[in-house]
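For reference, the structure is listed below as structure tokens.
Only the coordinates and a few stated rules stand behind these numbers; no lab work does. In this text, all values refer to a predicted model and were calculated from it rather than measured experimentally. Ideal geometry is used to build each Cβ from the backbone, glycine not excepted, and the neighbour counts take in all protein chains shown.
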Amino acid sequence: MFIIYDLAFVLFALVALPFYLLRGKLHRGFLARLGFLPKIGNLNSPIWIHAVSVGEVFAMRRIIEGLRLAYPGKKFVFSTVTPTGNKIAQSLARDDDLVTFLPFDVSFITRRVISRIRPCICIIAETEIWPNLISSLFNLKIPVVIVNARVSDKSFRGYLMAKYLLKGILRRVSLFCAQSEQDALRLHSLGVDLGKIIVTGNMKFDQELDPKSDGISCRLRLFLGDKEKLIVAGSTHRGEEEILLNVYKGLLTRHPHLRLLIAPRHPQRAPEIGGIIRRAGFNPQRISSISKDRFSPGAVFLLDTIGQLAYFYAAADIVFVGKSLVRGGGQNILEPVFAGKPVIFGPFMENFKDIAQLFVENKAALMVKNRFELSCCIEDMLGGKIKVESLLENARMVIKNNQGATKSNIDLIRNFIVG
């Protein structure tokens, strides 16, 4: 099976390579993904942390802090997939740690990397299944622990189709720390022994607001006055910007001091979104070029930089979380909740169904079905018909009642670290 998997992976890479070259997607970590790591000294059986998305890297921060306290002499290896994730991992690393990109999941590449790193454990965030990586670690008796494990509806359907191929791989994982009972049941149905699954909860509830997220300084950067109210539309996807601008235009007639900041999930779409803003009758004001001399009063702000959305959430009066008014699966709503902001999202939250349902049921966030409901919801917040403070208090209680997963995961991980 692994020979076929390797061949399929290599063939896919060869087909995709020209596309990545044309799109300028080949970043400096490409050689690392081929297994060529920088010169490193003796890492002395480090703890290997792997996380794919930016959110996963942030969620692992508390795990890393806890393990540093438990093992003060241990070094860490951080592996990610994207340049943004790599940059965040570098901020969590110390001078003697290694930050690299996850190698391509081809057997000879993974074996090469593992022989260089020689970790005492590999901790993977959420349910990222890398067959050769997991098998190579298993063959060397290096434990693999998957924390914050989840199996979305879409992933579950795909995994079921390959159940008999995945079963052997999943059984080589030492422990799954699952987010929910449903995730645990799905893992078991895919072939994981119940003894290797423990429901510990969602670590993302244990995050803390970045101390650099200063809402006042962000508002000053946007030249916002005391009377102005700011809507931040975060992680928007194609098809949502037009809806948001239409809603905003209607609200402006009754709330002339209302402002809008659009933060696309993919900042490279900034030129496209700038055109959408112009066609809607507004001037786009890119955050990267904003200054007193280049500021256009009444413009729609456009966040065209990476890694700054949390700071602008702190400056918001109302937050809309995107990829949810169009069929995209939604985005994580916890970041603006931690910033203490009232949160609105659309109906398409399949990838974050449990969190969305939890907040809606506890009247801690608001779900809207369409453009009309979004407009009414913002109108009611601005007009006082929706009690924002009550919404925020309920959100704080939801967070408090769901914390503790990180500590449980650290306690379980320690059972697999020798020395």
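If we count other beta carbons within 10 Å of each Cβ, what is the order of Phe78, Phe338, fewest first?
Numbers: Phe78 26, Phe338 21.
So the residues, fewest neighbours to most, are Phe338, Phe78.
Taking a 31 Å limit on the Cα-Cα distance, which of the listed pairs Lys323/Lys385; Lys353/Lys387; Lys74/Lys163 fall beyond it? The partial results should precede the final answer.
Working: Lys323/Lys385 26 Å; Lys353/Lys387 24 Å; Lys74/Lys163 37 Å.
As for pairs spanning more than 31 Å Cα to Cα, those are Lys74/Lys163.
Quote the charge dipole size of the chain about the Cα centre in Debye, to the nearest 20; the model charges only the Cβ of Lys and Arg (+1) and of Asp and Glu (-1).
Values: 56 positive and 36 negative charges, 163 e Å.
For this selection, approximately 780 debye.
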Taking the Cα centre of the range 363-419 as origin, sum charge times position over the Cβ atoms of Lys and Arg (+1) and Asp and Glu (-1), and report the length of that vector in debye to the nearest 20.
140
Is there a quick way to get the dipole size of the range 215-401? I mean about its Cα centre, with the Cβ of Lys and Arg at +1 and of Asp and Glu at -1; what is the value in debye to the nearest 20?
300
To make sure I understand the rule: partners must be aspartates and glutamates, Cα under 19 Å from the Cα of Lys154, and not fewer than 8 residues away in the same chain. Which ones qualify?
Glu56, Glu126, Glu128, Glu181, Asp183, Glu350, Asp354
Enumerate the amide H contacts of Val199 below 5 Å, restricted to partners 5 or more residues apart or on another chain; note that Pro and chain-start residues carry no placed amide H.
Ala178
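At most 11 other Cβ atoms within 10 Å and a DSSP loop assignment: could you name the trypsin sites (Lys or Arg not before Pro) in the range 234-284 that fit? Don't skip to the end; give the middle numbers.
On the way: sites: Arg238, Lys249, Arg254, Arg259, Arg265, Arg269, Arg278, Arg279; in loops: Arg238, Arg254, Arg265.
Those that pass, being in a loop and sparsely packed, are Arg254.
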Residue (of Leu31, Ala162, Val199) at the positive-pole extreme of the chain, dipole from beta-carbon charges:
Leu31
Could you list the trypsin sites (Lys or Arg not before Pro) in the range 62-125 that lie in coil according to DSSP, counting only those with at most 16 other Cβ atoms within 10 Å of their Cβ?
Arg94
Taking the alpha-carbon centre of each part, the distance from the range 322-353 to the range 133-189 in Å is 26
Counting only helical runs of four or more DSSP H residues, what would the 222 nm mean residue ellipticity of the chain come to if each run contributes -39,500 (n - 2.57) and the total is spread over all its residues?
-13000 deg cm²/dmol
Rounded to two decimals, what is the ratio between the C-alpha radius of gyration of the chain and 2.2 N^0.38 Å?
1.04
Report ³J(HN,Hα) in whole Hz for each residue of the range 335-349, in order, from the Karplus equation J = 6.51 cos²θ - 1.76 cosθ + 1.60 where θ = phi - 60°; Gly and Pro get x.
4, x, 5, 5, 6, x, 10, x, 10, 10, 8, x, x, 9, 10
Going through the cross-link list Lys141/Lys196; Lys341/Lys363; Lys204/Lys229, which pairs have a Cα-Cα distance over 19 Å in this structure?
Lys204/Lys229
Principal axis dimensions, the range 103-221 - Cα atoms, whole angstrom, descending
55, 37, 24
What is the set of long-range amide H partners of Arg259 at a cut-off below 5 Å, with H atoms built 1.01 Å from backbone N?
Lys229, Leu230, Ile231
Name the residue from Ile410, Ser135, Ala365 whose Cα lies farthest towards the positive end of the charge dipole of the chain, charges +1 on Cβ of Lys and Arg and -1 on Cβ of Asp and Glu.
Ser135
Under 15 Å from the Cα of Lys407, which aspartates and glutamates turn up, not counting those fewer than eight places away in the same chain?
Glu65, Asp206, Glu208
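Can you give me the span-like helices of the chain, meaning DSSP H runs with 27 Å or more of Cα extent along the axis and Kyte-Doolittle mean at or above -0.5? Could the numbers behind the result be given before it?
Working: long enough: 2-23 (30 Å, 2.03).
Once both thresholds are applied, what remains is 2-23.
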